[in-house]
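Peer 1: Before I ask anything, here is the structure I am working with.
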Amino acid sequence: MKIAIKIHLFLLALALSTAGTIVSAQATTVIKFSHVAGSDTPKGRAALHFKELLEESSRGRIRVDVYPNNQLYKESDELEALQLGAVQMVAPSLAKLAQFGAQDFEVFDLPYLFANKDAVARVTEGILGKALLKRLDSKGMVGLAYWDNGFKIMSANKPLKMPADFVGMKMRVHSSPVLESQMRALGAIPQIMDANEVYFALRSGVIDGLESAPLNFYARKLYDVQSHITVSNHGYLGSAVIVNKKFWDGLPFDLRKMIDDAMQAATTYGNTLAAKENEAALELIRKTRKTTIYVLTDKESAAWHQALLPVRKDLEERIGKAVVMTVAKEADGRRMGGR
């Protein structure tokens, strides 16, 4: 009799376990993906492409809810929301990561560190870029990818040709000691401000100008409130796609693999878009006839380089001298062992 009861309980437990497995397999994991860009920007379109690819490959096991354009959180709040688990994925500018103790990422803000997008790719797509992302694990975050926003321009309501033209100007920057130091080196007064506040701050005169990627300048219609652009390409503007570590660690291996694969494809898609649309954005801005676009001469560019040279030296200790030197060598194609 006791043996019969034990067999019955075993079979019942097995049935419940099997039922639980079936329910679990059918359950849908939801990823809330919050970012501050518009849906029609490369970042916004890359996020939607990621959603489409992942939902298709997971066959209903994962649903991605994308919240663009500050719908859930402001630029200054999204990383905290991620760490608290209010959202599972965000795509903040690299400058923002330093606020959570990841000073290594401030290296990407150093002026004139990257000559072009190929130099950026040598870092972000290589072993070094992956190693930097891995360091986010200790901050409760997992870095999945780098998304390009392009190279930066400067804008104001007067021509900005030489460093002396910046003296006394209130220039908006992301919250970053490197970017603050950069503006001070040019003689400007850095003003930290969320991206969604910039248009009205420019219109009201709270700030005089900013640095931005051309596509962001165009998407936010800043040509209505800025009469001059200088194509300086003085710095790189990028984002990192970050996922909450506790959420990530709780996923089965096959779902993590699906997310990685979809993210890799979405990254290639978005970064290709960013390169094309930054170039196109300058022409679209020119066509508005509201903003004059100026390209630095070699002499003027040399003066900017000279003025911004102290920024790297001043911030080396904060970022880490070894990190700065390694990234600079990789960007220049001088990786140890050659290419």
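The values are calculated or read from the model by the stated rules, or taken from the named source; none is laboratory data. The structure presented is a predicted model; accordingly, all values stated were derived computationally and were not measured. Every residue, glycine as well, gets a Cβ built from its backbone with ideal geometry; the counts of neighbours run over all protein chains shown.
Peer 1: If you go through segment 22-54, how many residues are without any contact (Cβ under 8 Å) to a residue 12 or more places away in the chain and touching a helix residue (DSSP H, G or I) at 6+ places or on another chain (Cβ under 9 Å)?
Peer 2: So the count comes out to 1.
Quick grid of which residues meet (1) crowded, with 22+ Cβ neighbours inside 10 Å; (2) among the charged types (D, E, K, R); (3) modelled with pLDDT of 95 or more; (4) touching a Ser or Thr at 6+ places or on another chain (Cβ under 6 Å):
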residue: Phe166; (1), (2), (3), (4): yes, no, yes, no
residue: Pro177; (1), (2), (3), (4): no, no, no, no
residue: Gly187; (1), (2), (3), (4): no, no, yes, no
residue: Gln191; (1), (2), (3), (4): no, no, yes, no
residue: Arg203; (1), (2), (3), (4): no, yes, yes, no
residue: Val231; (1), (2), (3), (4): no, no, yes, no
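Peer 1: Could I ask something else about it? Would you check if there is a residue in segment 84-98 being in contact with a strand residue (DSSP E or B) (Cβ under 7 Å, 6 or more places away or on another chain) and either among the hydroxyl-bearing types (Ser, Thr, Tyr) or at pLDDT below 80 (or both)?
Peer 2: Just the residues of segment 84-98 that are in contact with a strand residue (DSSP E or B) (Cβ under 7 Å, 6 or more places away or on another chain), to begin with: 85, 87-94, 97.
Restricting the remaining residues to those that are either among the hydroxyl-bearing types (Ser, Thr, Tyr) or at pLDDT below 80 (or both) gives 93.
Looking through segment 84-98, at least one residue is in contact with a strand residue (DSSP E or B) (Cβ under 7 Å, 6 or more places away or on another chain) and either among the hydroxyl-bearing types (Ser, Thr, Tyr) or at pLDDT below 80 (or both).
Peer 1: Quick check on Ile293: is it part of a strand (DSSP E or B) and more than 24 Å from the chain's Cα centre (by Cα)? Walk me through it before giving the result.
Peer 2: Values: part of a strand (DSSP E or B): yes; more than 24 Å from the chain's Cα centre (by Cα): yes.
Yes.
Peer 1: Since Met183 meets every condition but one in (1) farther than 21 Å from Ala302 by Cβ; (2) buried (at least 16 other Cβ atoms within 10 Å of the Cβ); (3) aliphatic (A, V, I, L, M), which condition does it not meet?
Peer 2: Tallying (1) farther than 21 Å from Ala302 by Cβ; (2) buried (at least 16 other Cβ atoms within 10 Å of the Cβ); (3) aliphatic (A, V, I, L, M), Met183 fails exactly one: (1).
Peer 1: Tally time: how many residues in segment 80-94 are within 16 Å of Glu106 (Cα to Cα) and over 12 Å from the mean Cα position of the chain (by Cα)?
Peer 2: Within segment 80-94, residues that are within 16 Å of Glu106 (Cα to Cα) and over 12 Å from the mean Cα position of the chain (by Cα) number 0.
Peer 1: Run down Gly129, Gly101 and say which single residue is more than 25 Å from Asn69 (Cβ to Cβ) and in contact with a strand residue (DSSP E or B) (Cβ under 7 Å, 6 or more places away or on another chain).
Peer 2: Values: Gly101 fails: in contact with a strand residue (DSSP E or B) (Cβ under 7 Å, 6 or more places away or on another chain).
After ruling out the rest, the residue left standing is Gly129.
Peer 1: Of all the residues that make up segment 211-226, how many are among the aliphatic types (A, V, I, L, M) and buried (at least 22 other Cβ atoms within 10 Å of the Cβ)?
Peer 2: Summing the residues that are among the aliphatic types (A, V, I, L, M) and buried (at least 22 other Cβ atoms within 10 Å of the Cβ) in segment 211-226 gives 3.
Peer 1: Take the residues in segment 34-54 that are in a loop (DSSP other than H, G, I, E, B) and out of contact with any strand residue (DSSP E or B) (no Cβ under 7 Å at 6 or more places or on another chain); name whichever of them is nearest to Tyr73 (Cα to Cα).
Peer 2: First, pick out the residues of segment 34-54 that are in a loop (DSSP other than H, G, I, E, B): 35-41.
From what is left, the residues that are out of contact with any strand residue (DSSP E or B) (no Cβ under 7 Å at 6 or more places or on another chain) are 36-41.
On the way: Val36: 8, Ala37: 12, Gly38: 13, Ser39: 15, Asp40: 19, Thr41: 18 Å.
Among them, the one singled out is Val36.
Peer 1: Right, next: If you go through segment 55-106, how many residues are out of contact with any Leu (no Cβ under 8 Å at 6 or more places or on another chain), closer than 24 Å to Val311 by Cα and assigned to a helix (DSSP H, G or I)?
Peer 2: Looking only at that region, the number is 3.
Peer 1: Still on this structure, I have one more. Hey, could you check segment 263-282 for residues that are among the hydrophobic types (A, V, I, L, M, F, W, C) and surrounded by fewer than 18 Cβ atoms within 10 Å (Cβ to Cβ) and say which is nearest to Ala86 (Cα to Cα)? Lay out the reasoning, then the answer.
Peer 2: First, pick out the residues of segment 263-282 that are among the hydrophobic types (A, V, I, L, M, F, W, C): 263, 265-266, 273-275, 280-282.
Then keep just the ones that are surrounded by fewer than 18 Cβ atoms within 10 Å (Cβ to Cβ); that gives 265, 275, 280.
Numbers: Ala265: 26, Ala275: 32, Ala280: 36 Å.
Taking the candidates together, the pick is Ala265.
Peer 1: While we're on this one: Filter segment 296-337 down to the residues that are assigned to a loop (DSSP other than H, G, I, E, B) and among the hydroxyl-bearing types (Ser, Thr, Tyr) and list them by number. I'd like the intermediate steps shown before the answer.
Peer 2: Keep residues of segment 296-337 that are assigned to a loop (DSSP other than H, G, I, E, B), which gives 296-297, 320, 332-337.
Answer for segment 296-337, where residues must be assigned to a loop (DSSP other than H, G, I, E, B) and among the hydroxyl-bearing types (Ser, Thr, Tyr): just Thr297.
Peer 1: Does any residue of segment 247-257 turn out to be without any contact (Cβ under 8 Å) to a residue 12 or more places away in the chain and outside any helix (DSSP H, G or I)?
Peer 2: Taking every residue of segment 247-257 in turn, at least one turns out to be without any contact (Cβ under 8 Å) to a residue 12 or more places away in the chain and outside any helix (DSSP H, G or I).
Peer 1: Given Thr292, Thr288, which one is touching a residue at least 40 places away in the same chain (Cβ under 8 Å), in contact with an Asp or Glu (Cβ under 9 Å, 6 or more places away or on another chain) and of a type in the set (S, T, N, Q)?
Peer 2: Details: Thr292 fails: in contact with an Asp or Glu (Cβ under 9 Å, 6 or more places away or on another chain).
Matching residue, one of Thr292, Thr288: Thr288.
Peer 1: Sticking with this structure for a sec: Would it be correct to say that Val123 is within 19 Å of the chain's Cα centre (by Cα) and in a strand (DSSP E or B)? Write out each step before concluding.
Peer 2: Values: within 19 Å of the chain's Cα centre (by Cα): yes; in a strand (DSSP E or B): no.
When the stated conditions are applied, Val123 does not pass them.
Peer 1: May I ask you to say which residue of Asp314, Asp260, Asp208 is under 20 Å from Pro190 (Cβ atoms) and surrounded by fewer than 19 Cβ atoms within 10 Å (Cβ to Cβ)?
Peer 2: That would be Asp314, the only listed residue that is under 20 Å from Pro190 (Cβ atoms) and surrounded by fewer than 19 Cβ atoms within 10 Å (Cβ to Cβ).
Peer 1: Ser138: more than 20 Å from Tyr269 (Cβ to Cβ) and crowded, with 17+ Cβ neighbours inside 10 Å, yes or no? Before the answer, list the steps.
Peer 2: Values: more than 20 Å from Tyr269 (Cβ to Cβ): yes; crowded, with 17+ Cβ neighbours inside 10 Å: no.
No: the conditions fail for Ser138.
Peer 1: Mind counting the residues in segment 133-147 that are closer than 16 Å to Ser239 by Cα and either touching a residue at least 60 places away in the same chain (Cβ under 8 Å) or assigned to a strand (DSSP E or B) (or both)?
Peer 2: Of the residues in segment 133-147, 9 are closer than 16 Å to Ser239 by Cα and either touching a residue at least 60 places away in the same chain (Cβ under 8 Å) or assigned to a strand (DSSP E or B) (or both).
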